[in-house]
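What follows is calculated from the coordinates using simple rules that are stated; it is not laboratory data. Owing to the predicted nature of the structure, the values given are computational and were not obtained by experimental measurement. Note that each Cβ is placed from the backbone with ideal geometry, even for glycine, and that neighbours are counted across all protein chains shown.
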Amino acid sequence: MKKYYRLDKNFLIFWVHPIISMIIIIFLSGCVSTNIIPSLSNDELENNKESLSNIFNWKFHGRIAVKTKLDGYHGNIIWKQAGNSFQISLWGPLGLGMLSINGSSEDIEITNVNGQIIALKNVENELQHFIGSIIPISSIQYWLLGIPNPNFPSKIESRDNSMVIDFKQSGWVIEASDFKRNIEFLLPHKIFLSNIDTDVRVAVENWEIF
């Protein structure tokens, strides 16, 4: 039988806060090639955005760094997405500090290296109460593809002479870069997410689409 622990400040400081901030991260997939794209036209941006919005099942491996008002973290990450559900594994150097996160935008279970489990049912509201920052879990799948959530207003831009896409949405600034082409998609391999008190940087090593 699972033993659940209460979500409190101590658990957040030492385990949850840096990791949950990471959930504002990684979304994408594909087999990586070495063809770096120098720039995109507006038509190419729109076509790629439409293609990426139809990706629902993937697995991602890479590195992540998170800085918040309370703490900081850097380590490795594996994210597996299946529809609206995700499985995330996070660990530091030499496999230390393994943490697993399973769930969706509706509910999440966080398990630390000691087997302690925290269950969140009203995810965004609970995280805002304890962390003090609004984390729009439902938008992550779009942001990490390098595209905005179509349900909210935003402006997407491609910088001149570079393959960098910037946009602002729900109080966050999203920057996706280092795009590489696979058979069908242009995929970002560097993602930077930031708001007033949280910075998240992701370096993607490889993607898989199922």
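Taking each of LYS69/LYS190; LYS59/LYS190; LYS49/LYS180 in turn, the alpha-carbon distance tops 20 angstrom for LYS69/LYS190.
Counting neighbouring Cβ atoms within 10 Å and putting the fewest first, the residues VAL173, VAL200, VAL164 line up as VAL173, VAL164, VAL200.
With neighbours defined as other Cβ atoms within 10 Å of a residue's Cβ, the residues THR198, THR111, THR68 order from fewest to most as THR111, THR68, THR198.
Only sites in a loop by DSSP and with at most 15 other Cβ atoms within 10 Å count here; which chymotrypsin sites (Phe, Trp or Tyr not before Pro) in the range 168-198 make the cut? Hits after loop and neighbour filter: nothing returned. Counting charges near GLY62 (Lys, Arg +1; Asp, Glu -1) among other residues having Cβ under 15 Å from its Cβ returns a value of +3. Loop-located GluC sites (Glu not before Pro) across the range 136-210 with a Cβ neighbour count of 16 or fewer within 10 Å are GLU184, with loop assigned by DSSP. Arranged from fewest to most other beta-carbon atoms within 10 Å of their beta carbon, TYR142, TYR73 become TYR73, TYR142. Straight-distance candidates among the aspartates and glutamates for linking to LYS80, with alpha-carbon spacing under 13 Å and chain neighbours fewer than 8 residues away dropped: GLU208. For the pair ASN84 and ARG181, label points projected 7 Å from Cα toward Cβ lie 3.6 nm apart.
The stretch between ILE134 and LYS190 holds 17.9 nm of extra length on full extension. This uses 0.36 nm per residue minus the Cα-Cα distance.
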